[in-house]
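Asks: Mind having a look at this structure? Questions to follow.
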Amino acid sequence: MIGNLWSVRWLRPLGFALCVPAAAHLAFSCWSLAQSGRGADHDLAAERDELARTAVRQMTMFNSIDPKRADLDMGQWMEEATGPFREVLQRDMTTARARFAKQDSPARGQVTALAVTDLNTRAGTATVIASVRVRIGEPGAATPESEQRKRYQVEMRRVAGGWKVNTLTALNPAGPATGGSVP
């Protein structure tokens, strides 16, 4: 009985003494785990993901037009463009309107692949390459849809409203640029 008293008296204070560092270690571990999702790498990945989502939406839009609402579609193009690309769109707007007025069927773009090849968050610039499939024609119409495949190198710039297309260059299948163009 005396041995049991001695072990209980000794064990209880030792247990309390070990609980304090264990609790501190648990608190530090939880804090570290919460902080692990933050930092420069996380911020860069989040910015890249936002850029990719924006580029997919924009490349789809720039490769889609409905002749019945061409002015509205081209107005959206102007909202998503900046710099040299916006200047090209502005300069070629009259020619584009005439071309789309002759078009009978809508064109619907779909991004099939996209990669962010360069991202400079400090400068607010990025480069994206994209592969786009454009279907021309009404789904289910008597005449079959035609399909085009296009590749682009897109220079993006972050402005007050988010990421916008600064230059849009069509790529030929071999890879070198064929020059800037309106979609």
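Asks: Can you tell me which residue in region 134-158 is farthest from residue 54 (Cα to Cα), limited to those that are at pLDDT 90 or above and open to solvent by less than 50 Å² (accessible area, probe 1.4 Å)?
Replies: Going through the qualifying residues, I end up with 134.
Asks: Given the structure, is residue 46 at pLDDT 95 or above, in the same structural domain as residue 107 (by TED's automatic domain parsing) and either assigned to a helix (DSSP H, G or I) or surrounded by 10 or more Cβ atoms within 10 Å (Cβ to Cβ) (or both)?
Replies: Working: at pLDDT 95 or above: no; in the same structural domain as residue 107 (by TED's automatic domain parsing): yes; either assigned to a helix (DSSP H, G or I) or surrounded by 10 or more Cβ atoms within 10 Å (Cβ to Cβ) (or both): yes.
No.
Asks: Sticking with this one: If you scan region 87-116, which residues turn out to be open to solvent by 70 Å² or more (accessible area, probe 1.4 Å), within 23 Å of residue 129 (Cβ to Cβ) and free of Cβ contacts under 8 Å to residues at least 40 places away in the same chain?
Replies: At the first step, the residues of region 87-116 found to be open to solvent by 70 Å² or more (accessible area, probe 1.4 Å) are 87, 90-91, 94-95, 97, 99, 101-102, 104, 108, 110.
With the extra rule that they be within 23 Å of residue 129 (Cβ to Cβ), the set shrinks to 87, 108, 110.
87, the sole residue that qualifies.
Asks: One residue is enough: does region 21-31 have a residue meeting the conditions surrounded by fewer than 10 Cβ atoms within 10 Å (Cβ to Cβ), at pLDDT below 70 and either at negative phi or not aromatic (Phe, Trp, Tyr) (or both)?
Replies: no
The values are calculated or read from the model by the stated rules, or taken from the named source; none is laboratory data. No experiment lies behind these values; they were computed from the predicted model shown. Heads up, the Cβs are rebuilt from the backbone with ideal geometry, glycines too, and the neighbour counts pull from every protein chain shown. Protein only, heavy atoms only, side chains kept; ligands, DNA and RNA dropped before computing areas. Shrake-Rupley method; radii C 1.70, N 1.55, O 1.52, S 1.80 Å.
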